[in-house]
Amino acid sequence: NDADEKVQRATMRAIDHYERLGAEIVPITLPHLQEIHLAHGVTITTEMYSLMEEHYRSTTHFNQLCPESRVTLAIGKSWSSSEFLAAQKVRSYAMHHIEDLFQNKVDVILSPATPCTAPLMRDDVASCGESNLSETSALMRYMIHGNLTGIPAMVFPCGYDDETSLPISLQLQAAHWREDLLFHVAMQSEDILKGSIAKPTLYVDILGSDK
């Protein structure tokens with residue numbers, strides 16, 4: 001219930017599609033999500049700073065960084081080694097829990113890809129960048145757990161917003177090394193939007209399979 005109503009409706013239509021194909025839908029709970037989200041933030045910003053430290057400390061390169069990148073790297077620089085190690089303990093817990101789910105309860109995890117459609121890009125973003133933590137966190141709500149645990153995922157459209165025509169997407173996640181299962185489920189998902197897949201204004205058919 002933490003997604004827009006239109007996203008929930010599109011997701012439920014997809015679930016109905018899978019049930020008609022014979023899938024068993026099993027509700028699950030991912031515990032301690034707030035702690036996992038915090039651990040993800042500590043981990044990813046620390047790793048960003050570790051990679052970019054040389055450029056961050058360089059006057060020449062620092063001036064070339066956009067303001068939002070400077071803020072993110074400054075946050076990554078601020079974490080202590082104890083905080084980073086604590087985040088890795090949470091990461092280890094999340095990995096053990098998700099592995100147990102895939103071994104004993106489900107084959108794939110299905111959720112919306114994002115809780116809303118793409119937000120409006122403001123006029124000054126192209127020139128100034130944007131650091132909007134609440135919006136970014138909301139858009140990443142359903143992918144943070146998988147990103148921290150490193151499990152494979154796939155995202156594809158399952159509907160469109162009636163007002164804006166922006167796509168609403170579904171996310172599938174599977175156990176490590178089960179990309180084959182994701183592709184299989186995705187293939188069975190093509191009929192969700194059969195005959196009604198919209199093309200964006202700028203569209204390039206890189207596979208040469210335009211229909």
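The values are calculated or read from the model by the stated rules, or taken from the named source; none is laboratory data. Treat the numbers as computed from the prediction; the structure is a model and nothing was measured. With ideal geometry, Cβ positions are generated from the backbone for all residues, glycine too; neighbour counts draw on all protein chains shown. Side chains are part of the model used for accessible areas, which takes the heavy atoms of the whole protein and leaves out ligands, DNA and RNA. Shrake-Rupley method; radii C 1.70, N 1.55, O 1.52, S 1.80 Å.
Shape call for the chain from the C-alpha gyration tensor, a ≥ b ≥ c root eigenvalues: rounded (a/c under 1.5), prolate (a/b greater than b/c) or oblate? Because a/c hits 1.5 or more and a/b fails to exceed b/c, the chain counts as oblate.
Seen against the Cα atoms of the chain and their longest principal axis, helix 67-78 is set at about 70 degrees.
Placing unit charges on the Cβ atoms only, positive for Lys and Arg and negative for Asp and Glu, gives region 88-211 a dipole magnitude near 400 debye about its Cα centre.
Surface analysis of region 54-140 yields an accessible area of 66 Å² per residue, using protein heavy atoms and a 1.4 Å probe. Bridging of Lys77 to lysines at a Cα separation below 22 Å is possible for Lys89, once same-chain residues fewer than 8 apart are set aside.
Farthest toward the positive end of the dipole of region 55-211, out of Ser127, Ala113, Gln171, is the Cα of Ser127, where the dipole comes from beta carbon charges about the Cα centre.
Normalising by the residue count of region 103-211, find the relative contact order in percent from Cα pairs under 8 Å and 6+ residues apart. Taking the mean separation of contacting Cα pairs over the length of region 103-211, I get 30 percent.
Here the gap between Gln103 and Ser134, fully extended at 0.36 nm per residue and compared with their Cα-Cα distance, gives a gain of 7.8 nm. Charge dipole (Cα centre; +1 on Lys/Arg Cβ, -1 on Asp/Glu Cβ; no other charges) of region 13-111 amounts to roughly 260 debye. Seen against the Cα atoms of the chain and their longest principal axis, helix 81-104 is set at about 10 degrees.
Our note on the geometry: Cα centres of region 9-44 and region 87-131, 10 Å apart. Give, rounded to the nearest 20 debye, the magnitude of the charge dipole that the chain has about its Cα centre when Lys and Arg contribute +1 at Cβ and Asp and Glu contribute -1 at Cβ. Dipole about the Cα centre, nearest 20: 260 debye. The length gained on full extension between Glu163 and Asp124, counted as 0.36 nm times the residue separation minus their Cα-Cα distance, comes to 11.6 nm.
Each of Leu51, Ala14, His37 was placed along the dipole of the chain (beta-carbon charges, centred on the mean Cα), and the one lying farthest toward the positive end is Leu51. A simple spin-label model places the labels of Ala186 and Asn1 3.3 nm from each other, with each point 7 Å out along Cα-to-Cβ.
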